[in-house]
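Notes for the one structure printed next.
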Amino acid sequence: MTKTPDDDRDAAVRAVLTDHGDTGETPRDATFYFYGGDINGLTAAARRAGYQTHPTAGKEGVILHTETAVDEASFEKHSTQMEAWAIEFDSEYDGWECQLMVQ
């Protein structure tokens, strides 16, 4: 499997979580950011896939939300989907964030 820039981005978010004692295994709200391209098509596809959506405040875009664990194994399907939608809808995928969950 070829390593992508999104793999590095995902690892960077997980590193911050780990530094704060969060394994990423507890499900929480994960937020994904897209800008430009076919935002209407992307929004419709995301809703069909079960993501909640809302428009961005400034630049034309959409924010997606889902409840999920963010450890590497659980999150891979979301990361792969975001990369695919960025290509399919000619949109800039600007990464993701999530809640910090320390127990």
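The values are calculated or read from the model by the stated rules, or taken from the named source; none is laboratory data. Since the structure is predicted, the reported quantities are computational estimates derived from the model, not experimental observations. Every residue, glycine as well, gets a Cβ built from its backbone with ideal geometry; the counts of neighbours run over all protein chains shown.
How many residues does region 70-93 contain that are hydrophobic (A, V, I, L, M, F, W, C), modelled with pLDDT of 95 or more and surrounded by fewer than 16 Cβ atoms within 10 Å (Cβ to Cβ)? First the steps, then the outcome.
Within region 70-93, the first condition is being hydrophobic (A, V, I, L, M, F, W, C), and the residues that meet it are 70, 73, 75, 82, 84-87, 89.
From what's left, modelled with pLDDT of 95 or more: 82, 84-87, 89.
Checking the rest, the ones that are also surrounded by fewer than 16 Cβ atoms within 10 Å (Cβ to Cβ) come to 84, 87.
Counting residues in region 70-93 that are hydrophobic (A, V, I, L, M, F, W, C), modelled with pLDDT of 95 or more and surrounded by fewer than 16 Cβ atoms within 10 Å (Cβ to Cβ) gives 2.
Filter region 49-73 for residues that are part of a loop (DSSP other than H, G, I, E, B) and not β-branched (Val, Ile, Thr) and give the result.
Applying the first criterion (part of a loop (DSSP other than H, G, I, E, B)) to region 49-73 yields 49-51, 56-60, 69-71.
Answer for region 49-73, where residues must be part of a loop (DSSP other than H, G, I, E, B) and not β-branched (Val, Ile, Thr): ALA49, GLY50, TYR51, ALA57, GLY58, LYS59, GLU60, ALA69, ASP71.
What residue, among those in region 19-30 that are on the phi < 0 side of the Ramachandran plot and not β-branched (Val, Ile, Thr), is surrounded by the most Cβ atoms within 10 Å (Cβ to Cβ)?
First, the residues of region 19-30 that are on the phi < 0 side of the Ramachandran plot: 19-20, 22-23, 25-30.
With not β-branched (Val, Ile, Thr) added as a condition, the list becomes 19-20, 22, 25, 27-30.
Details: ASP19: 8, HIS20: 10, ASP22: 20, GLU25: 12, PRO27: 15, ARG28: 15, ASP29: 12, ALA30: 22.
Taking the candidates together, the pick is ALA30.
Tell me yes or no: at least one residue of region 31-50 is over 13 Å from SER91 (Cα atoms), surrounded by 14 or more Cβ atoms within 10 Å (Cβ to Cβ) and either modelled with pLDDT under 95 or in contact with a Cys (Cβ under 9 Å, 6 or more places away or on another chain) (or both).
Within region 31-50 (the criterion being over 13 Å from SER91 (Cα atoms), surrounded by 14 or more Cβ atoms within 10 Å (Cβ to Cβ) and either modelled with pLDDT under 95 or in contact with a Cys (Cβ under 9 Å, 6 or more places away or on another chain) (or both)), the answer is yes, since at least one residue qualifies.
If you go through region 84-103 one residue at a time, how many are touching a strand residue (DSSP E or B) at 6+ places or on another chain (Cβ under 8 Å), over 15 Å from ASP19 (Cα atoms) and hydrophobic (A, V, I, L, M, F, W, C)?
4
Of everything in region 56-66, what is surrounded by 12 or more Cβ atoms within 10 Å (Cβ to Cβ) and over 10 Å from the mean Cα position of the chain (by Cα)? Give them in sequence order.
Listed by number, the residues that qualify are THR56, GLU60, GLY61, VAL62.
Of everything in region 19-36, what is in contact with a helix residue (DSSP H, G or I) (Cβ under 8 Å, 6 or more places away or on another chain) and of a type outside the set (Asp, Glu)? Give them in sequence order.
THR23, GLY24, ALA30, PHE32, PHE34
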